[in-house]
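Visitor: Input: one structure, supplied below.
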Amino acid sequence: MKTYCFKLYKAKRNKKLHKVINIAGIIYNHCIALHKRYYRLFKKSLNIYKLQKHLTKLKKIGKFSYFKEVGSQAIQDITQRIDRACKLFFRNLKHKIRTAPPSFKKIRKYKSFTLKQA
């Protein structure tokens with residue numbers, strides 16, 4: 001696996017990229033809110049595939065149409081990271097290890113998004 005890291009400075013030509021990163025942060029916080037609401041209602045963890053289907057439906061709604069600017073692979077990676085964090089939290093609860101559930105992030109501190117590649 002190869003990883004590339006680039007530092008982008010604040011410039012007009014990077015405006016779209018910064019916008020996409022902010023939208024990825026909004027999607028992350030939206031998914032965390034859905035996980036918390038689902039657990040509060042049903043006392044179960046939200047299935048990753050249901051969450052991905054839900055986000056796909058949201059893209060088609062006018063209010064959330066800006067979600068389309070983030071690629072589907074990036075959204076899949078966001079949902080997978082949240083799912084792994086929730087599973088780790090519940091596993092730690094089972095083994096009585098003290099940890100916190102995944103929580104919201106400030107959007108301005110959300111610095112990157114990841115693309116899945118085959």
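Visitor: Can you find a residue that is under 28 Å from residue 2 (Cβ atoms) and not small (Gly, Ala, Ser) anywhere in the stretch 40-49?
Guide: Yes, that holds for at least one residue.
Visitor: In this structure, is residue 90 modelled with pLDDT of 95 or more and among the hydrophobic types (A, V, I, L, M, F, W, C)?
Guide: It is false that residue 90 is modelled with pLDDT of 95 or more and among the hydrophobic types (A, V, I, L, M, F, W, C).
Visitor: Say we look at the stretch 64-118 and pick out the residues that are loosely packed, with under 12 Cβ neighbours inside 10 Å and of a type in the set (Gly, Ala, Ser); which of these is farthest from residue 52 (Cα to Cα)?
Guide: 100
Visitor: Is it fair to say residue 57 is under 24 Å from residue 5 (Cβ atoms), open to solvent by 70 Å² or more (accessible area, probe 1.4 Å) and not aromatic (Phe, Trp, Tyr)?
Guide: no
The values are calculated or read from the model by the stated rules, or taken from the named source; none is laboratory data. Remember, predicted model here, so these are calculated numbers, not experimental data. Neighbour counts are summed over all protein chains in view; Cβ atoms, including those assigned to glycine, are modelled from backbone coordinates with ideal geometry. Ligands, DNA and RNA are stripped out before the accessible areas are found, and what is left, the full protein with its side chains, is counted by its heavy atoms. Shrake-Rupley method; radii C 1.70, N 1.55, O 1.52, S 1.80 Å.
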